[in-house]
Structures are given as C-alpha cells and as structure tokens.
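In what follows, a single structure is set out as structure tokens and then discussed.
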Amino acid sequence: MAKVSVWSSNRFWRRSATWVTGVSAVLLILLTFDSMAQMQMGTAKDIKNKVDKRIPSPVVINYKIEYKMSRKRGHEVPIIGGMSPDGKSLYQVKEKFFGRDDYTEAEARALIHKGKLTIQAKNCMDCHTLLGNGAYYAPDLTKAWLDPTWETLAPAYGGKEYAIATFLQNPPAMAMHERKMPNLGITKDEAKAVVAYLKFMSAIDTNGFPRNFGKIKGAVDAWK
Amino acid sequence: MHGNRLYEGQKLALKYFFVAMVLFGAQLLFGLLAAIQFLYPDFLFGVLDFSINRIVHINALVVWLLYAMIGAVYWLLPDEAGREVVGIKLGNLAFYVLTAAVAVVVLVYLFVQVGPGKESTIWFITEGREYIEAPRWADIGIVAVVLIFLYNVYATTMSGRRTGILSVLMADLIALAGLYLAGMFYTDNIAVDQYWWWWVIHLWVEATWEVYVAAVGGYILIKTLNANRKVVEMWLWIEVAMMFGSGILGLGHHYFWIGTPEYWWEIGALFSALEPVPLVGLFVHVLYDWGKHSGQGHKIINVPAFAWLTVETFGNFLGAGVWGFMHTLPQINLYTHGTQWAAAHGHLAFFGAYVTILIGAIYLAIQGKAGLKELKMTKAGWWAIVLITAGMLFMTVALTASAYVQTMVERGMYGATWQGYFAAQANRWFLEGMGWRLAMGVVVIAGYVLLIYDMLTCTKKQPAEAYEGEVAAAAA
C-alpha cells in the first residue's frame, strides 16, 4: 500500500480537532475563572474603602453617579460620589433616592433583587437593550439613569427617580414618542425597584459603552 | 435509501420535521407582526405588543431549528449506524412530551405575557432573557427530553456502525445539551447573568450548531452526490478543528461591554475574526465536490436537498462570516453594539447557516419516505428557494441600511441618548429600510407557502425515470 500523507490522514485531523477543541475549552474555562472573580458584585465595605469594582455594591444608589472620560483608560468610566482630581471615584457625594441616602447594604440588595426580577418578569429585554443586549425597538437602558431626558423631566416630579417611577406605572400616559411603551402592570414597589436597578446598572463599568453618552448636543437631523 | 420500509427512527424524524415546519410558519407570522409594528406602532398595541411578537418570533426560530436538528439526527442515525434506533419508544414519548410543553409555553407567552416581579414568574411564565425566555419548569423538561435523545444516539451508535459523522455528532450533541445548563440559573448581577447567557447563545450558534451543520452537511453530500466518505469525513474533522478553534474563544466578542475585563477585546477580536475561515472551507468543499461529481458524469440524486445545501454554504459565509465580521472588532462594535447591525447579521446568519441546511435535510427525508431513487426540483420548489433566499438577502441589506442610519445618527451624532435613539428611528432613511424589510418579509412568507406546498406534493411530480430508479449518465 502506498504511504498516505499525514495531510490526508483522517486520524491526524481527528486528533488535531480534539486537541484544538480541548485547548480552547481549557483556555475559556481559565479565563472564565478570572472574569468571574473580577465581576463579583462589590460590597458596602468596598465603597467604604474606595475600592473600584466593575459591578459595584447596590449601595451606590445612595451616591451621585456620573459618566466621565478617563484619560488613563481612553474612554468614559462611571464616577461614583464625586471625582478626585486624578479622575477617580471619591464615594463621598451623596444623592437622595426616593428621599433617602442611607440605604443599608441589605435594603439596597433587596431593592435591586426585586428590580432585576421585575425586569425579567416584564420581558424588558424583548424591546429594550440592557448592556446593549436585547431587542432594538426601544432605547438602550445601560445608562438610562443618566439620560438627559430624565434631567429635564425631574423638576416637575420632584426628582428623576419619581419621574421614571411614574412613567413605569403607566407609560402610555407619559408617552414620549409615537412608539409607546405598553402598560405592563408595574406596581409602585416594582417601579421603585426597577429605578434602583437602573441607577445601579448605570454604575457598572462597561469599558466605555456607550461611547460619548449624552455628550453631543445640537446635532442635526438628516433628511427629514 | 430503504424504499418505503423506513426505520422507526426515521418515522420519528418525520414527526419532528412536521412540527418544525409548523413552528417555522409561526416564526414568520410573528416576525411579520413585529416588522409591521416598526412602521405602525399602534398596530395591535396593548393586545400583542412588540415584545410578545418578538419572543414568539425568536423562540419559534430556536425551537423549530432544534426540532429539525433532532429530526435530521433521527433520520441519519439508523442509516449511518446500520441498525434501528435503540430506545425508540422512549424517543417517541419524549417527542410528545416536548411538543406538549412547547405548546403550553407558547400559549402562556401569548395569553399571560408578563408576571409580577417574583421568582414564581421566572418558574412559570417567562425568564425574560432573550432567546431563552422559556420558564424554568420548561427548562427542566427540555433537559429531560434531551437526555433521552442523547441516550438514543449513544446507545444506537455504540451498538452499530460508528462512522466519523456519528462520532462528531456524539461529541457535539453532548456539548450542545450541556451548554443549556449555563442558562438555567438566576442572579441579580446582570453582568454575570449575560456572561453565562452568552455561553448558551454563542456556544450554540457559533460553535456547536456550526459543527452540527458540518456533520449533517457531510451526510447530505454523501447522499446527494455519492461523495467519497473518507474525504467527507476528513474535511469534517478539519472543519471541527477550525470551528471550535475560532468559535470557542470567539465568544469573547460578546464580552466587550458587559462589565467584563478588557482582555476580552483582544481575544474576542482575534478569534471572532477567524470565525469566517471554516465557513469559506465549507463553501469550497461543497462546490468542489459538485464540480468533481458532475465532471464524472453523475446526476445529483436529490436536487432540492443539494440546492439548499449550496445556499447554506453561501448564506453561512455571507450571513455569519461577512456580516458578522463587519461589526466584530471592538473599535467598530463600540458604536454598533445594540443596534440594527445585530438584527441584520442575525437574520442572514440564522437563515444562511441553519434554516437552509435543515430544509435540505427535510428534502432528503421526503425522498426517503417516498422511496424514490432520485428527487428532481419542481417549479414550486425553485420558486420557493428563490423567493426565500432573495427575500432574506434583501431583508438583510434593508436592515443594514437602517443600521447605518442608527449608528451614525444615534451613536455618532447624539451620543446614544434616548433623544438620539428616537431621532434615528424617525429618520426617513431608517424608515425606508424598515419598509423594505417588511416587504421582503412578505416575499419570504410567499416562499414559505410554496415550500410547504412543494414538500407535500413534489414526490408526485417527478419524471417517470425517478420512479423506475434509472440512473442515466448526464452529459459530461
């Protein structure tokens, strides 16, 4: 029998496929361990010690949250409780959330737990995007808490958390666009929890997504 | 082919194919409703809102593809292994359990729609996570049914002929089933939630499903062209190496912006940029075999199956490869993530990579069921493939046009605010794209009607020699 070249040998390619798959899977698992460690939700202690977390403690709802350009990282980053001169979060400047800025870790966790459950129970992700994932029928919610729209509505409702909560409980009544959000039967408690989740989510470090959020004003509409 | 004496496994395959095609129709219908709502937002507002139509649209897609995938395995399994499927009674029971569960889940989506913000909603109404909205009870049922399916495949292969195609499928199906578990837990941490959610979505559609397609594509080549099994299986192993080599770590392109570390930028960019490579390979392989085969003066044994496989290779390369690569690099994805870009890519990729080949597999079963030596393309069959393919291609182009507007206006000009979002959505060019998308949706549905008609009637419209099984040499 003629000698078969290794390049046309099924055995060689079967072994290559097994090795390539195995090595890729092992690398993915190792990277996942590292990512999971970096993505654990922060605690109140981290905030007290001014430790930046990619996903901060839910007690960030007690603080003012901004989204500022970091010269060091080359993109915007969440700034929690005021910014130091070197562009880092100070965790000092508080901001009232439904009249309080002293939510304990347990209270804040309970709020965002209910908020996340509500976000899933109402299928938010099948119209909106969250962290950019979902459907494209309604605006992205990643930094919705910081959206200028709510700043303009805030005074009439005594604060933007009240404006958003009122909207959520009967969206067609506050419709902002021909494409309305339906009334999903969101209760007052659920609305408060969802707003807490939106505020918490706006403090997640998304590596600069969305870029230039809310920074551009006076842009012109194309052919309209 | 075994004439009219089908294996019990192949009869089960026909049941899976039947439900798959019904759900395919549901997918198109609810996609149409959602497409109308983009242009006329008051259409069915408060009755069947966009979110509900979209859930049914994408869940019907995933479920019908899985049904057709399971069906294709039950079809080829006894043929490859050379024996009846082991545990076929259990397999039949699993089919009815799964179908009943799917029906209940869909009815709850349509008539209950949403629940209160409690764990009970996650268990019984919806999990609210795109693509895998199915409530937890259904997840557990799906796992049970898949375990029965895996038992059928493993027990049959172990006691029969273990071909290279079956070896790849055995390894691939266990990974496919295992990955579903990654989507079956709840966490308050949305970043961690989405991290594992992508393990299901990406490692299905950009890894295990692609390998499944390579394996079933190999089987179709053998069945339609009499392609050399040794060459087909060698190509299959090369494909597996390239698909898993690029696809597993290509997962990183979903980890750019969800609270994940920055190293995923480089890993995701590099490996996802390699993902189109095996798709080119698949494409070259099929066309090469076709040329070689016709050069030797042979006929194609099942023209519709082979035609759909050819569309698969183009569609997979264009939809998954080209349209995926367009926005996979982080410097571009920063502006395109969460826009109609993903919709454009998703439509052509799911169609090109999966819909096409599974229709091809169903045509193989149609030929086998009728016991024909050959299956020619009928007029209705040609029109179906032309309308569906052209409709999907132009729908993707239309969505891409809208995606450009959204990226430029919302992301570029307005910095991604709500005002920017709505400015882009109201833009005339954006709406024109949406209009063409809707029109193309109607074209695809017309193609679907013809496809169903053809699947039901094509075996009765074959030339006389197909029935006699005469193999005449075509002009070389």
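Please treat every number below as a calculation from the coordinates, not as lab data. Only a predicted model underlies this, so the values are computations on that prediction, with no experimental measurement involved. Positions of Cβ are backbone-derived with ideal geometry, glycine not excepted, and every protein chain shown enters the neighbour counts.
Helix B:303-315 and the longest principal axis of the C-alpha atoms of chain B enclose an angle of approximately 30°. When only alpha carbons are used to place a centre, the stretch B:330-395 and the stretch B:239-267 end up 26 Å from one another. What's log10 of I(q)/I(0) for the stretch A:2-135 at q = 0.09, 0.12 Å⁻¹, Debye sum over Cα points only, no solvent? Computed log10 I(q)/I(0) values: -0.47, -0.69. Per-residue Karplus couplings for the stretch B:32-44, computed as 6.51 cos²θ - 1.76 cosθ + 1.60 with θ equal to phi - 60°, are listed in order as 4, 4, 5, 5, 5, 5, 4, 9, 10, x, 7, 4, 6 Hz, Gly and Pro entered as x.
Kindly provide the helix-only [θ] at 222 nm of the protein assembly as shown, computed as the sum of -39,500 (n - 2.57) over DSSP H runs of four or more divided by all residues, to the nearest 500 deg cm²/dmol?
Value at 222 nm, helices only: -20500 deg cm²/dmol.
Tell me the angle of helix B:190-203 to the major Cα principal axis of chain B, expressed in degrees between 0 and 90 and rounded to the nearest ten. Compared with the principal axis, the helix lies near 20 degrees. At q = 0.09, 0.12 Å⁻¹ the log10 of I(q)/I(0) for chain B amounts to -0.61, -1.11, computed by Debye summation with a single uniform scatterer per C-alpha, solvent ignored.
Mean-square fluctuations from a GNM of chain A, with a 10 angstrom spring cutoff on Cα atoms, peak among A:101, A:189, A:86 at A:86. Choose one of A:44, A:83, A:70: the residue whose Cα lies farthest towards the positive end of the charge dipole of the stretch A:38-120 (beta-carbon charges +1 Lys, Arg; -1 Asp, Glu; about the Cα centre). Of the candidates, A:70 comes out farthest on the positive side. Could you sort out which of B:11/B:230; A:48/A:68; A:48/A:122 sit more than 25 Å apart by Cα distance in this structure? Over 25 Å Cα-Cα: B:11/B:230; A:48/A:122. On the basis of the beta-carbon distance and an R0 of 60 Å, residue B:428 and residue B:5 show a calculated FRET efficiency of 0.50. Treating the stretch B:1-162 as a set of equal point scatterers at the Cα positions, no solvent, please give the Debye-formula log₁₀ I(q)/I(0) at q = 0.10, 0.11, 0.17 Å⁻¹. Listed by q, the Debye log ratios stand at -0.44, -0.52, -0.97. In a simple Cβ point-charge model (Lys, Arg +1; Asp, Glu -1; nothing else charged), the stretch B:1-101 has a dipole of about 260 debye relative to its Cα centre. Angle of helix A:148-157 to the longest C-alpha principal axis of chain A, folded into 0 to 90 degrees and rounded to 10: 30°. Entry note: the protein assembly as shown has Rg to Rh equal to 0.99, where both radii use alpha-carbon atoms and Rh is the Kirkwood radius.
In terms of its Cα atoms, the stretch B:291-350 spans 52, 18, 8 Å along the principal axes, sorted from long to short. A 19 angstrom limit on the alpha carbon distance is what I want to check against. Which of A:94/B:118; A:45/A:188; A:50/A:88; B:223/B:369; A:114/A:188; B:89/B:373 exceed it? From the list (A:94/B:118; A:45/A:188; A:50/A:88; B:223/B:369; A:114/A:188; B:89/B:373), the Cα-Cα distance tops 19 Å for A:94/B:118; A:45/A:188; B:89/B:373. Can you tell which of B:366, B:385, B:417 lies farthest toward the positive end of the dipole of the protein assembly as shown, using +1 and -1 charges on the Cβ of basic and acidic side chains (Lys, Arg; Asp, Glu)? In the protein assembly as shown, that residue is B:366.
Residues whose amide H lies under 5 Å from that of residue A:69, counting only those 5 or more places away or on a different chain, are A:77; hydrogens are built 1.01 Å from N in the peptide plane. In terms of surrounding Cβ atoms within a 10 Å radius of their Cβ, B:350, B:17 rank from fewest to most as B:350, B:17.
Just subtract the alpha-carbon distance of residue B:119 and residue B:465 from 0.36 nm times their residue separation and send over the number in nm, one decimal.
Taking residue B:119 through residue B:465 to full extension adds about 118.4 nm, to one decimal.
Each of B:127, B:374, A:95 has some number of other Cβ atoms within 10 Å of its Cβ, and from fewest to most they run A:95, B:374, B:127.
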